Structure formats: structure tokens, C-alpha cells
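The values are calculated or read from the model by the stated rules, or taken from the named source; none is laboratory data. Here the structure is a predicted model, which means the values were calculated and not measured. So basically every Cβ, Gly included, is an ideal-geometry build from the backbone, and we count neighbours across all protein chains shown.
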Ligand code: GFB
């Protein structure tokens with residue numbers, strides 16, 4: 001992949017679909033450094049699951065490039081509890097936007113997927129070509145199927161109509177703008193809130209879900225947004241691209257690190273009645289690294305920044321936050 005700008009954003013009308021979600025809001029922040037016009041629309045104006053509303057807003061607002069970061073998202077419990085929402089909402093959103101982007105002649109689109117598209121027992125680190133080589137993790141197969149459909153939709157429009165639609169697969173993300181609701185959030189914000197509340201209440205214990213042994217890779221959302229803008233400007237191709245940090249740690253190690261950042265000194269205990277999910281998810285981001293892009297934000301530093309954001313704001317939105 002060449003790293004010079006194949007697709008400069010200068011002067012373009014760029015729609016960030018899902019601008020209130022963690023990734024979308026990071027993209028809006030990142031795009032302030034580009035000389036482009038950022039378009040956004042809230043869900044109170046357009047429900048992206050509704051075809052007529054979505055098509056009409058897009059026709060009126062004429063985006064030239066789209067970051068498709070809208071979707072129904074959440075952690076392991078939300079994925080497991082609301083399979084219909086995770087599958088239906090995401091299929092409708094991506095179907096509506098991708099098809100209308102083609103009809104309107106949108107010049108470039110980047111679809112945002114997830115590392116959960118890969119088989120539960122994929123080789124580690126996970127290369128892009130592990131897609132569709134084995135069964136998915138059952139707790140999030142509904143979301144994964146929707147995201148795989150989104151990748152394939154972009155590839156199909158590229159193949160049939162020559163559209164410059166690309167896909168990026170971020171690893172587990174964290175950072176300002178995350179959802180801190182304990183029932184629907186991902187692990188990092190959940191443990192941050194739990195550690196914070198345990199510290200304030202003077203508790204002796206903090207409970208984490210599962211065995212603590214699954215391994216996860218974490219990327220700060222501002223690094224992710226930077227990588228997505230880089231890919232939008234420099235990459236054009238059929239294959240999706242992994243976006244990861246390069247190393248992982250166990251959930252127990254994550255909990256220990258978060259307790260240090262928050263200042264909770266009690267014991268960490270495991271609730272093994274809760275699911276572990278995928279045993280390990282470390283992406284092979286070699287393809288992205290080969291273009292000269294690398295993350296900049298260290299994990300401890302990123303967690304500290306996120307904790308400060310949580311203290312200032314009280315935390316974010318619920319599981320449908322990105323739409
Ligand atoms: O981040 P998380 O919810 O999602 O959970 P996944 C990661 C790991 O942390 C699991 C454990 O092993 C959880 O059991 N964990 C421990 C906790 N304590 C907690 C807690 O208090 N809250 C949460 N949420 N987890 C998601 C997918 O999988 O990854 C999504 O379900 C998406 O679809 C996302 O792909 C990136 O990493 O297991």
C-alpha cells in the first residue's frame with residue numbers, strides 16, 4: 001500500500017456517520033486537522049435504519065467521502081442479550097448507506113468493522129485472511145455476521161460497480177467518549193467505573209467477569225481515528241485492513257492496571273458464572289504498519305486520559321451510542 005495521499009481530503013464534504021459514538025466523535029476531532037467540511041446528523045433527525053430517511057438526507061447533503069462508524073455496539077453481555085438489535089440494526093444501517101453511496105457516486109467510503117469478525121480460534125496474531133475460516137464466538141456472532149456482511153457489501157460494490165469502498169477492522173477500543181454503563185459497556189470502561197466506585201465506597205473487592213484469563217488487545221480511540229483517516233487517504237483495495245496496537249494482555253492484568261490508574265487498592269475477584277468470550281484476540285496489523293502508520297498513545301497514559309474524561313463527564317451513552 002502506498003502512503004502518499006491517493007485520496008486527499010482537502011476541500012471534500014466528509015460525512016462521519018455515527019459521530020456521537022466513541023469512534024465517530026474521535027474522527028470528528030481528528031478531522032479538525034484536515035481542510036475538509038465535516039457533515040454529521042443526529043439520530044433525532046435521521047434514523048439510519050430507515051432507508052427513506054437515510055437516502056433522502058444523503059441526497060440533500062451530498063457527502064463526497066463517508067466514514068461509516070454508525071452502528072449498534074456493546075460489550076459481551078449486550079451482544080449476548082440483544083442479538084436481534086445487533087444483527088438487524090447494523091445490517092440496515094450499512095445496507096442503506098452503502099447502496100445510496102453508490103447511487104450518489106460518493107467518491108470514497110471507509111466501513112468500520114470489528115476484530116470479532118474472525119473465528120473464535122483464529123491463529124494469533126490474527127491475519128486479515130483468517131476471515132471465514134472457522135466458527136465465530138457465539139456471544140457476538142450476530143454482530144460479527146453483520147460486520148462481515150458490511151465488508152462483503154463494500155467488496156461487492158467495488159467489484160460490480162467499481163466503487164472505492166474500503167474496510168478497516170479495529171481491535172478492542174477504549175478512550176474518551178466510551179460507554180461506561182455496566183450492562184452494555186466493553187471491559188475497559190466497565191472496570192474503570194467499578195474500580196472508581198469501589199474506591200469511593202471503600203470496598204475491599206472488585207469483581208471482574210469470567211476467569212480473567214482471556215487476552216485482549218486495546219487501542220486508544222484517537223489512535224484508531226488517526227489510522228482510519230490515514231487509510232481513507234492512502235489505501236484503496238478489496239481487502240479489509242486490521243487496525244491494532246500490536247500487543248495484548250489478560251483481563252486480570254487489565255484489571256490490575258486499571259486499579260492502579262484509578263487508585264483502588266483492594267482485591268480482584270473473578271465471577272466465573274459470566275462468560276469469557278473469545279480466548280484471545282490479537283490482530284496482525286502488519287499490513288497497516290507497512291504503510292508507515294503506528295499508534296502513539298501508550299496504554300497506561302491512554303487509560304489515565306480516559307479516567308480523567310470519566311471524572312469530568314460521568315461517562316457516556318448506552319449500547320446504541322454510535323447510531
Ligand atoms: O470488552 P468485552 O465486553 O467484549 O469483554 P469482547 C472482554 C472480556 O472482559 C471478556 C471480560 O472476557 C469479559 O468476560 N470482563 C471482565 C468484562 N469484567 C468485565 C466487565 O465488567 N464488563 C465487560 N463488558 N467485560 C466484544 C464483542 O467482545 O468485543 C463485540 O462482544 C465487539 O461484539 C467488541 O466485537 C470489540 O472483547 O469479549
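If I filter the range 1-27 down to residues being without any contact (Cβ under 8 Å) to a residue 60 or more places away in the chain and buried (at least 19 other Cβ atoms within 10 Å of the Cβ), which single residue comes out as nearest to residue 178 (Cα to Cα)?
Pass one, the range 1-27, residues without any contact (Cβ under 8 Å) to a residue 60 or more places away in the chain: 10-11, 13-16, 19.
Imposing the further condition that a residue be buried (at least 19 other Cβ atoms within 10 Å of the Cβ) reduces the set to 14-16, 19.
On the way: 14: 23, 15: 21, 16: 17, 19: 12 Å.
By that ranking, first place goes to 19.
List pairs: first residue in the range 265-288 and without any contact (Cβ under 8 Å) to a residue 12 or more places away in the chain, second residue part of a strand (DSSP E or B) anywhere in the structure, Cβ distance under 7 angstrom, at least six positions apart or on different chains.
Going by the 7 Å Cβ cut-off, there are no qualifying pairs.
Does the range 307-322 contain any residue that is within 16 Å of the ligand (Cβ to nearest atom), closer than 13 Å to residue 218 by Cβ and either buried (at least 17 other Cβ atoms within 10 Å of the Cβ) or over 21 Å from the mean Cα position of the chain (by Cα) (or both)? Give the derivation first.
Taking the range 307-322 as the starting set, the residues that turn out to be within 16 Å of the ligand (Cβ to nearest atom) are 307, 310, 315-322.
Of the ones still in play, those that are also closer than 13 Å to residue 218 by Cβ are none.
Checked the range 307-322: no residue is within 16 Å of the ligand (Cβ to nearest atom), closer than 13 Å to residue 218 by Cβ and either buried (at least 17 other Cβ atoms within 10 Å of the Cβ) or over 21 Å from the mean Cα position of the chain (by Cα) (or both).
Would you tally the residues in the range 141-164 being more than 16 Å from the ligand (Cβ to nearest atom) and either in a helix (DSSP H, G or I) or under 16 Å from residue 97 (Cα atoms) (or both)?
Number satisfying all stated conditions: 12.
If we keep just the residues of the range 181-231 that are touching a strand residue (DSSP E or B) at 6+ places or on another chain (Cβ under 8 Å) and on the phi > 0 side of the Ramachandran plot, which is farthest from the ligand (Cβ to nearest atom)?
This residue is 212.
Please verify whether the range 240-259 includes one or more residues that are assigned to a loop (DSSP other than H, G, I, E, B), within 11 Å of the ligand (Cβ to nearest atom) and either surrounded by fewer than 19 Cβ atoms within 10 Å (Cβ to Cβ) or at pLDDT 95 or above (or both).
Applying the first criterion (assigned to a loop (DSSP other than H, G, I, E, B)) to the range 240-259 yields 240, 244-247.
Restricting the remaining residues to those that are within 11 Å of the ligand (Cβ to nearest atom) gives none.
No, every residue in the range 240-259 fails to be assigned to a loop (DSSP other than H, G, I, E, B), within 11 Å of the ligand (Cβ to nearest atom) and either surrounded by fewer than 19 Cβ atoms within 10 Å (Cβ to Cβ) or at pLDDT 95 or above (or both).
Determine which member of the set 177, 154 is modelled with pLDDT of 95 or more, surrounded by 20 or more Cβ atoms within 10 Å (Cβ to Cβ) and at positive phi.
After applying the criteria, what remains is 177.
State the number of residues belonging to the range 113-139 that are at pLDDT 95 or above, in contact with a helix residue (DSSP H, G or I) (Cβ under 7 Å, 6 or more places away or on another chain) and within 11 Å of the ligand (Cβ to nearest atom).
Count: 7.
Select from the range 57-74 the residues that are in a loop (DSSP other than H, G, I, E, B) and in contact (Cβ under 8 Å) with a residue 60 or more places away in the chain and write down the one among them that is farthest from the ligand (Cβ to nearest atom).
70
Taking the options 77, 87, name whichever one is within 16 Å of the ligand (Cβ to nearest atom), touching a residue at least 12 places away in the same chain (Cβ under 8 Å) and out of contact with any strand residue (DSSP E or B) (no Cβ under 9 Å at 6 or more places or on another chain).
After ruling out the rest, the residue left standing is 87.
Just wondering, is there one or more residues in the range 211-221 that are under 20 Å from residue 301 (Cβ atoms), within 16 Å of the chain's Cα centre (by Cα) and part of a helix (DSSP H, G or I)?
Within the range 211-221, one or more residues are under 20 Å from residue 301 (Cβ atoms), within 16 Å of the chain's Cα centre (by Cα) and part of a helix (DSSP H, G or I).
Name, by its number, the condition in (1) touching a helix residue (DSSP H, G or I) at 6+ places or on another chain (Cβ under 8 Å); (2) touching a residue at least 24 places away in the same chain (Cβ under 8 Å); (3) closer than 17 Å to residue 146 by Cα that does not hold for residue 82.
Among (1) touching a helix residue (DSSP H, G or I) at 6+ places or on another chain (Cβ under 8 Å); (2) touching a residue at least 24 places away in the same chain (Cβ under 8 Å); (3) closer than 17 Å to residue 146 by Cα, the lone unmet condition for residue 82 is (1).
Here are some conditions: (1) outside any strand (DSSP E or B); (2) in contact with a strand residue (DSSP E or B) (Cβ under 9 Å, 6 or more places away or on another chain). Residue 269 meets all but one. Which one does it not meet?
That leaves (1) as the condition not met.
Every residue in the range 285-298 that is part of a helix (DSSP H, G or I) and in contact with a strand residue (DSSP E or B) (Cβ under 6 Å, 6 or more places away or on another chain), please.
Narrowing the range 285-298 to residues part of a helix (DSSP H, G or I): 286-289.
Correct list: 287, 288.
Can you pull out the residues in the range 90-111 that are more than 16 Å from the ligand (Cβ to nearest atom) and within 19 Å of the chain's Cα centre (by Cα)?
Within the range 90-111, 92, 95, 97, 98, 109, 110 meet the criteria.
Could you tell me whether the range 165-181 includes any residue that is in a loop (DSSP other than H, G, I, E, B) and free of Cβ contacts under 8 Å to residues at least 24 places away in the same chain?
No - not one qualifying residue is present in the range 165-181.
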